[in-house]
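S.K.: My questions will all concern the structure given below.
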Amino acid sequence: MTQASLLSRITDFANRADPYPLYAELRRTPVLHEEEGGPYVVSSYYDILGLLHDPRISSDAANLVAAGDDELSGPEATGLPPSFIRLDPPEHDRLRRIANSSFGPPHRPRRIDGMRGELARIVTELIDGFGEDRQIDLVDRFAHPFPVTVICRLLGVPREDEPRFRAWVDPLVASLDPDTRRNAGADFQHTAQEARMQLGMYLAGLVEQRTREPRDDMLSDLATGHGADGTLSMMEVLSTAVLLLIAGHETTVNLIANGMLTLLRHPEVLGRLREDPGLSVRIVEELLRYEPPVQLVPQRTCVADVELRGVTIPRGSRIWLVLGAGNRDPERFQDPDRFDPDRPDIQHLGFGSGIHSCFGAPLARLEAQIALAELARRLDGARLVEDPPPYRRNAVLRGPRHLQIAVDGVRS
């Protein structure tokens, strides 16, 4: 097997169920550049961590297009400005500070923690909905509806509109996958653009309503907030809201689904969690290392030459950071292919690092902790029906498309 085929094998859907042997092969060439004009692929923990903090590495969508990746022909080409994760300082910093002021400390220090009761109620309702069923698709019936409901309520989306979001969000998430973009035709690009536009138009109506009649939700804060960084324009509010809706649920869907899959493969840990719900904190951190929902970050560009491991990455080049490979790097973690929530040190890359570290990490952690602890407590005799399960096509956001489990019963 030639090294030149390695990147295509990693993004090949046929290897989605277990990419980790390929990541081990990838780490033998810590800076892989397979072809002229192709990306430089970085796979070791310390190199990825350094680049995530390196100001020479740009997240700006315009730089990515200039580097040869026609990113703006995808869902960004809809009239909305790029969200702050697709920008560099200082504009990134301004927009992120404004968004964060309605999400957490210091302005809203209890907004996320104050949702514990609501999160527990949503989880209880979803598990109650399993009823007498003895075979359950945990993705369709739990892992997807839970975070969708949570982010909609956090933003202030009316409950009756929550089901509409999946039809809009799915093509937008699919467009993040470089392999999908590369092979997709005009119909796919049009679908993604149309979905983002429809979502933006819907949210525009909500923002106008919240501007006139503010409520205790994030859309109201984004629309009416005033502070040292100024205010957001209508287009900036919409772009930020679209980002929060997509990023605020899709990664959590995969975190919960990957988490239950891993626990069912490790019944001794599942049993411990059933007896000790507090173990969910360590379990979620180890899951973010062992089976991270974001496997790679393909949207980075060098704005200056970068020397790494004896390789010069020229200015203007694209860089892919393979977080899934870094999280299993034996130079950083002992016995990295073992799932072990008792590790004394789990400083993973699951939420990235640096100025673009995951904005919604506190909420995602809390959702996964509550979800996994309650599933462990209430599902008797849970076991996998199919292993491996069918996976999503996306190589960036990796997780099961369906997770069929059998149970002996559902506790009250």
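S.K.: Anything in region 219-247 that is among the acidic types (Asp, Glu) and in a helix (DSSP H, G or I)? List them, or say none.
M.R.: Answer for region 219-247, where residues must be among the acidic types (Asp, Glu) and in a helix (DSSP H, G or I): Asp221, Glu236.
S.K.: Here is a further query. Using the structure shown, decide if Ala382 is out of contact with any strand residue (DSSP E or B) (no Cβ under 9 Å at 6 or more places or on another chain) and either modelled with pLDDT of 95 or more or of a type in the set (A, V, I, L, M) (or both).
M.R.: no
S.K.: Exactly one condition in (1) open to solvent by less than 70 Å² (accessible area, probe 1.4 Å); (2) at pLDDT below 95; (3) farther than 30 Å from Glu236 by Cα is not met by Arg16; state its number.
M.R.: Of (1) open to solvent by less than 70 Å² (accessible area, probe 1.4 Å); (2) at pLDDT below 95; (3) farther than 30 Å from Glu236 by Cα, only one is false for Arg16: (2).
S.K.: Something else now. Working only within region 133-145, note down all residues that are at pLDDT below 95 and either open to solvent by less than 50 Å² (accessible area, probe 1.4 Å) or over 25 Å from Val242 (Cα atoms) (or both).
M.R.: Of everything in region 133-145, those that are at pLDDT below 95 and either open to solvent by less than 50 Å² (accessible area, probe 1.4 Å) or over 25 Å from Val242 (Cα atoms) (or both) turn out to be His144, Pro145.
S.K.: Follow-up question, since we're still on this one. Need pairs with beta-carbon distance below 8 Å; first residue under 14 Å from Tyr391 (Cβ atoms) and basic (Lys, Arg) and within region 6-21, second part of a loop (DSSP other than H, G, I, E, B) and open to solvent by less than 40 Å² (accessible area, probe 1.4 Å); sequence gap 6+ or separate chains.
M.R.: Close Cβ pairs satisfying both conditions: Arg16/Arg392; Arg16/Ala395; Arg16/Arg398.
S.K.: Can you name the residue in region 253-297 that is open to solvent by 10 Å² or more (accessible area, probe 1.4 Å) and touching a strand residue (DSSP E or B) at 6+ places or on another chain (Cβ under 7 Å) and, of all such residues, is farthest from Val139 (Cα to Cα)?
M.R.: That would be Val297.
S.K.: Same structure, new question: If you check every pair at least six apart or on different chains, which have Cβ atoms under 6 Å apart with a residue in region 335-364 that is in a loop (DSSP other than H, G, I, E, B) first and a residue that is charged (D, E, K, R) and open to solvent by 30 Å² or more (accessible area, probe 1.4 Å) second?
M.R.: Pro341/Arg282; Ile346/Glu285
S.K.: Would you call Glu160 modelled with pLDDT of 90 or more and open to solvent by 30 Å² or more (accessible area, probe 1.4 Å)?
M.R.: Here the answer is no, as Glu160 does not meet what is asked.
S.K.: Suppose we filter region 112-129 for residues that are touching a residue at least 60 places away in the same chain (Cβ under 8 Å) and either touching a Leu at 6+ places or on another chain (Cβ under 8 Å) or under 16 Å from Arg153 (Cα atoms) (or both); how many remain?
M.R.: The total comes to 8.
S.K.: Pairs, please: C-beta under 7 Å, at least 6 apart or cross-chain, first residue over 15 Å from Leu172 (Cβ atoms) and in region 231-246, second in a helix (DSSP H, G or I) and of a type in the set (S, T, N, Q)?
M.R.: Leu232/Thr240
S.K.: Are any of the residues in region 300-310 over 19 Å from Tyr23 (Cβ atoms), of a type in the set (Ser, Thr, Tyr), touching an Asp or Glu at 6+ places or on another chain (Cβ under 9 Å) and open to solvent by 10 Å² or more (accessible area, probe 1.4 Å)?
M.R.: Taking every residue of region 300-310 in turn, none turns out to be over 19 Å from Tyr23 (Cβ atoms), of a type in the set (Ser, Thr, Tyr), touching an Asp or Glu at 6+ places or on another chain (Cβ under 9 Å) and open to solvent by 10 Å² or more (accessible area, probe 1.4 Å).
The values are calculated or read from the model by the stated rules, or taken from the named source; none is laboratory data. Bear in mind that the values here come from a model prediction, so they are computed numbers and not experimental data. Every residue, glycine as well, gets a Cβ built from its backbone with ideal geometry; the counts of neighbours run over all protein chains shown. In case anyone asks, the SASA skips ligands and DNA or RNA and just uses the protein heavy atoms, side chains included. Shrake-Rupley method; radii C 1.70, N 1.55, O 1.52, S 1.80 Å.
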